[in-house]
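The values are calculated or read from the model by the stated rules, or taken from the named source; none is laboratory data. The model shown is predicted, which means the values in this text are computed figures rather than measured ones. Cβ sites come from the backbone with ideal geometry, for glycine too, and all protein chains shown count toward neighbours.
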Amino acid sequence: DTGTIAFLGLGHMGGPMAANLIKAGHRVVGFDPVPAAVEAAKEHGVPMVASAEEAVNGANVVLTMLPSGKHVLDAYRGVDGAPGLLSVAAPDTLFLDCSTINVDEAREAAAIALEAGHRSVDAPVSGGVVGAEAGTLTFMVGALPEDFETVKPILELMGRRIVHCGDHGAGQAAKVCNNMILGVSMIAVSEAFVLGEKLGLTHQALFDVASNASGQCWALTTNCPVPGPVPASPANRDYQPGFAGALMAKDLRLAVNALESTGVDGKMGHLASQIYDTFAAEGGAGRDFSGIITDIRDKSGA
Ligand code: NAD
């Protein structure tokens, strides 16, 4: 029995995820410090309380969907006079973090949770707000086998694919590796389209060749950065996200952190991170990350 879930962080992702748990009949108690998030959650029938401590009291599972690893570790340990949730929770509570955070931070979160007599699972998601609303997220899970069995039925209420990637931190590791491929490949596809333009090649001709050849990848065939070849891609709606540039920049900073902490010679990952930091800082934060092609084109002369 997974009993009551304390759900902390009901923002763009957490709000609809909690709503899906409620819809499935699960007991959920929510907390978020931002009034707008509280109101939105209440509208979806999620009971909200005034403090994280209150939410955790009586919960068997503490699910966090927070902006960063610092938020997660601060909540676990306590900060600014607030008690740490690890000390408030009943023994053997399962701490389930679905935020996207550094692999090192996820391992640290697991270590301190275990030390405090609890269980810990990292389960970052892909699929965005659309997937959160539709309950079709992919969860990448780092957990001990018995803890994976505990969280799987909960995650299935919010997602479609639940992948057990390994021990503590493995979910974050899978997410950061995948998104590094995505960031690098989107830049490569975008550079190729701009080069094709300069060489007098139509978008459709390059698409028809590359999508059936060795250049084939998701950035090309699903999220194609030029309008036309893939009608549903954000390029066809002036780069409305989709997957926002700010989130790609965040995920690539996590990739750089992982490259550095492991000593991997990841030149492309570092470069992709710089490129997306600049994109986000220069107006791309709220645009789809495939809008990087307009930056490349602008910087390539007339
Ligand atoms: P968000 O900023 O909309 O939501 C985060 C919420 O956490 C906010 O409402 C904030 O008030 C709340 N919060 C902060 N500190 C808290 C605390 N101590 N206790 C309780 N609540 C607290 O962010 P989001 O877009 O929902 O993303 C959440 C996480 O999911 C991030 O780690 C993000 O990288 C990841 N993610 C987001 C997307 C996406 O498309 N938005 C996709 C995949 C993964």
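Structure notes:
- Sub-6 Å Cβ pairs linking a first residue in the range 284-300 that is touching a residue at least 60 places away in the same chain (Cβ under 8 Å) to a second residue that is of a type in the set (Ser, Thr, Tyr) and surrounded by 17 or more Cβ atoms within 10 Å (Cβ to Cβ), at least 6 apart or interchain, are 288/239; 291/239; 292/190; 293/190; 296/190, ordered by first then second residue.
- Some residue of the range 40-55 being within 13 Å of the ligand (Cβ to nearest atom), crowded, with 24+ Cβ neighbours inside 10 Å, closer than 24 Å to residue 180 by Cα and not aromatic (Phe, Trp, Tyr): no
- Screening residue 212 with (1) surrounded by fewer than 23 Cβ atoms within 10 Å (Cβ to Cβ); (2) in a loop (DSSP other than H, G, I, E, B); (3) touching a residue at least 40 places away in the same chain (Cβ under 8 Å) gives one miss only, at (3).
- Here is the figure for the range 114-137: residues that are assigned to a helix (DSSP H, G or I) and closer than 21 Å to residue 158 by Cβ total 7.
- All positions within the range 75-99 that are within 14 Å of the ligand (Cβ to nearest atom), surrounded by fewer than 23 Cβ atoms within 10 Å (Cβ to Cβ) and modelled with pLDDT of 95 or more: 77, 78, 84, 88
- Test for residue 239: is it buried (at least 22 other Cβ atoms within 10 Å of the Cβ) and part of a helix (DSSP H, G or I): no
- Residues satisfying the stated conditions in the range 12-36, i.e. within 9 Å of the ligand (Cβ to nearest atom) and surrounded by fewer than 20 Cβ atoms within 10 Å (Cβ to Cβ): 12, 33, 34, 36
- Restricting the first member to the range 37-66 and to residues that are assigned by TED's automatic domain parsing to the domain that holds residue 153 and on the phi < 0 side of the Ramachandran plot, and the second to residues that are charged (D, E, K, R) and in a loop (DSSP other than H, G, I, E, B), the beta-carbon pairs closer than 6 Å and six or more apart or on different chains are 38/32.
- Residues of the range 100-135 classified as hydrophobic (A, V, I, L, M, F, W, C), touching a residue at least 60 places away in the same chain (Cβ under 8 Å) and either within 13 Å of the ligand (Cβ to nearest atom) or assigned by TED's automatic domain parsing to the domain that holds residue 180 (or both), total: 5
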